[in-house]
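Below: the structure, in structure tokens.
The values are calculated or read from the model by the stated rules, or taken from the named source; none is laboratory data. Note that this is a predicted model, so its numbers are computed, not measured. So basically every Cβ, Gly included, is an ideal-geometry build from the backbone, and we count neighbours across all protein chains shown.
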Amino acid sequence: MRTAKILTFTSHDGAVLHYRHWPAKAPSGRSLVLFHRGHEHGGRLQHLADEMNLPDFDIFAWDAREHGLNEGPRGIAPDFGYFVRDAECFRVHVQTVHNIAAEDTVVVAQCVGAVIAAAWVHEYAPKLRGLVLASPAFSVKMHVPGAVQGLKLLKALRGNFPVYSSVKSKLLTKDVERQHSYDTDPLITRSTAVNILLEHHDVAARVVADAGAIQVPTMVLVSGKDYVVREAPQREFFERLGAATKQYMRLPGFYHDTLGEKGRERALYELRNFVEERFAQPMWARR
């Protein structure tokens, strides 16, 4: 196992946010930056630091605000844009403190983290070496007709309020160890404020519609049996992408936790190849 250092950075509004740093065993000046799934935290990505088998990469994983080790009410932020601005502040911090630039970084993001990463790349246009989006939550299956409209009405009547996730660990992954660790992890955030849910919906739709503005080489990993998010917007995002280099990989039978699913070796093999190819090729140029 690679051992993480738990560190902090200060974001745009003065919030102090935690992140984990797995130092490279043989430093190469290259890095992976990991964005965790909704409700989770960077510590849940220890298995990727170990299983990616990239010992010469520094690996970083934040705890999104109000998640994991961070202080404050769980699952609450003034608006979804705070997460996007946090991502830019994290980039600046990694470059300033760890001396690793965006050009030497591949971002790997899952679920809601993938929406944050895509929105950040769309709005700030960091010149990343590459971007990997695993089961991006561009459209969440709420399983109740008119759920978004209903939540908007309730918010207008009641103000902001928490919405608790009903998704069980057995619908996230078939890996029994991952199920157990999810069920027993005290740092899992079980609720999300309704304003964040609604703004997440709007931001995701906007990013999909304007994906042509994203030019960073991108891989989209899609779970073929995802009970949490819909595939159609993932495919639409990919088809609209402005990146000259892009890959779409569908993993039949995979549940939502794509990079934590049983049999994830196949996904990690393709992901590692994508990362290594990005560094084997000249840095892409904006059109």
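General observations
- Selection of the stretch 86-116 for residues being charged (D, E, K, R) and without any contact (Cβ under 8 Å) to a residue 24 or more places away in the chain yields an empty set.
- Residue list for the stretch 45-88, filter: of a type in the set (Phe, Trp, Tyr), farther than 25 Å from His201 by Cβ and surrounded by fewer than 22 Cβ atoms within 10 Å (Cβ to Cβ): none
- Helices (runs of 4 or more DSSP H) within the stretch 69-162 that include 1 or more residues modelled with pLDDT of 95 or more and in contact with a His (Cβ under 9 Å, 6 or more places away or on another chain): 81-98, 111-124
- Long-range neighbours under 9 Å by Cβ, at least six apart or interchain, first residue free of Cβ contacts under 8 Å to residues at least 40 places away in the same chain and more than 21 Å from Ala209 (Cβ to Cβ) within the stretch 117-134, second buried (at least 24 other Cβ atoms within 10 Å of the Cβ) and not hydrophobic (A, V, I, L, M, F, W, C): none
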